[in-house]
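Novice: To start, I am sharing the structure in question, which I have written as structure tokens.
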Amino acid sequence: FGSRPPAQWKVVPHVARSMAESLNGVLKVVAATDILYGAGHVYWHGDTRKYFNDLEMLGLLFGSVLIFYGQTLVIFISRGDHPPAALLMLGKLIECVFALVYAICIMAEASPIFGVSLVLYTMLGVPIIGFIHQKSRGGAPG
């Protein structure tokens, strides 16, 4: 009866492999996650602080920067080209550093989920920078 896996299971490794081999596939995922994560920070920017002050606007600024970066990637991908790799890496590096600084600023007053998600965003952004660097040099990742 069930010795063979369904046909859908055979497709998944091929999709993952082709996405890992193409820079456009990775940039699509990066753009989508940046836009969604940025929209979350814009929507919940007031919840990152217990007391009202000017620092709660950092969430609004951070979310807006993420949305802007993601939309820029979408525009470049839809035109069929990508921006220079140095520009991609610099943008992602600035986002990661700002996320870490923002996490430090809100760690004491906000819900722990905000700080953890920002640190996780930084930790996941660094391998993306390395992958973009490898692909721009023409090498295989890993």
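What follows is calculated from the coordinates using simple rules that are stated; it is not laboratory data. Remember, predicted model here, so these are calculated numbers, not experimental data. Don't worry about glycine lacking a Cβ; one is built from the backbone with ideal geometry, like all the others, and counts go over all protein chains shown.
Novice: When the Kirkwood radius is taken over all Cα pairs of region 77-142, what Stokes-Einstein diffusion coefficient follows at 25 °C and 0.890 mPa s, in µm²/s? Present the calculation step by step, with values, prior to reporting the outcome.
Specialist: Working: Rh = 13.2 Å.
In µm²/s, the coefficient is 186.
Novice: On to the next question. Reported to two decimal places, what Rg/Rh ratio describes region 24-137 when computed on Cα atoms with Rh from the Kirkwood expression?
Specialist: Using only Cα positions, Rg/Rh for region 24-137 is 1.00.
Novice: Net charge near ASP34: determine it from the other residues with C-beta under 13 Å of the C-beta of ASP34, scoring Lys and Arg +1 and Asp and Glu -1.
Specialist: Around ASP34, the surrounding residues sum to +1.
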